[in-house]
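Written out below as structure tokens is the structure these notes cover.
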Amino acid sequence: MSNNPTLLLRALSALLTYPDAELRAALPEVIEAIRDTRTLDAHRKSDLIALADKIAATDALEAEGRYVDLFDRGRRTSLNLFEFVHGDGRERGPAMLELRQRYLDAGMEPIANDLPDHLPLLLEYLSCRDLAETKDTIGEIAHLLRQLGNTLLGLHSRYAAVMAALLALGGEKGLDTLAPVPPPEDVDRAWEERPTFAPPELKSVLSPVPSTTPTA
């Protein structure tokens, strides 16, 4: 077993990506990384493995359709963090550029088509950083992870396990035991009332699976 969160972060990033054939082929490796980590307790690992097993056992077209319905249709469960705060406002562009520059300053450049604020991409970036930065960043976005996780819990989605695992990794308060699904307008208002990254230090970070490549 390992205390190094690198493989765990990559596994969590993978679980949040579109469940295509590439992800399905990688699921045994994802499960192995989860089982091998010492940074999560047995209950959280069991929930993550249950999610991976569910993806593997579900018909491919059905799993892909559910993923699109869950994450790509509205703000309530969006994986693009700045969507919660800026929406389509003009502030989102500069925030994206700042976040992308953070990746570049670390010697990495996103190679996928995902936006810089995509959560799986952020996790991929953090998998290449030290534990201190990972915990700091999770702390900065903990309110968003908790809100998203509670909404997923209310929808009875196993994807809530990823948010619970991230909060545990960051040493943050976990999800609610029973999380009702708030009306859409309440979710949007709650997200817009708080900045994506906690002030005063804006440490932008984002994520999806293998989507960062060290630059020369």
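Descriptive notes on the structure:
- Some residue of the range 105-114 being within 23 Å of TYR67 (Cα to Cα), in contact with an Asp or Glu (Cβ under 6 Å, 6 or more places away or on another chain) and small (Gly, Ala, Ser): no
- Selection count, the range 1-43, where residues are farther than 24 Å from THR77 by Cβ, part of a loop (DSSP other than H, G, I, E, B) and over 15 Å from the mean Cα position of the chain (by Cα): 6
- Top-ranked residue of the range 103-159 - restricted to ones that are among the acidic types (Asp, Glu) and part of a loop (DSSP other than H, G, I, E, B), ranked as modelled with the lowest pLDDT: ASP114
The values are calculated or read from the model by the stated rules, or taken from the named source; none is laboratory data. Keep in mind it's a predicted model, so treat the numbers as computed, not measured. Note that we place each Cβ from the backbone using ideal geometry, even for glycine, and neighbour counts take in every protein chain shown.
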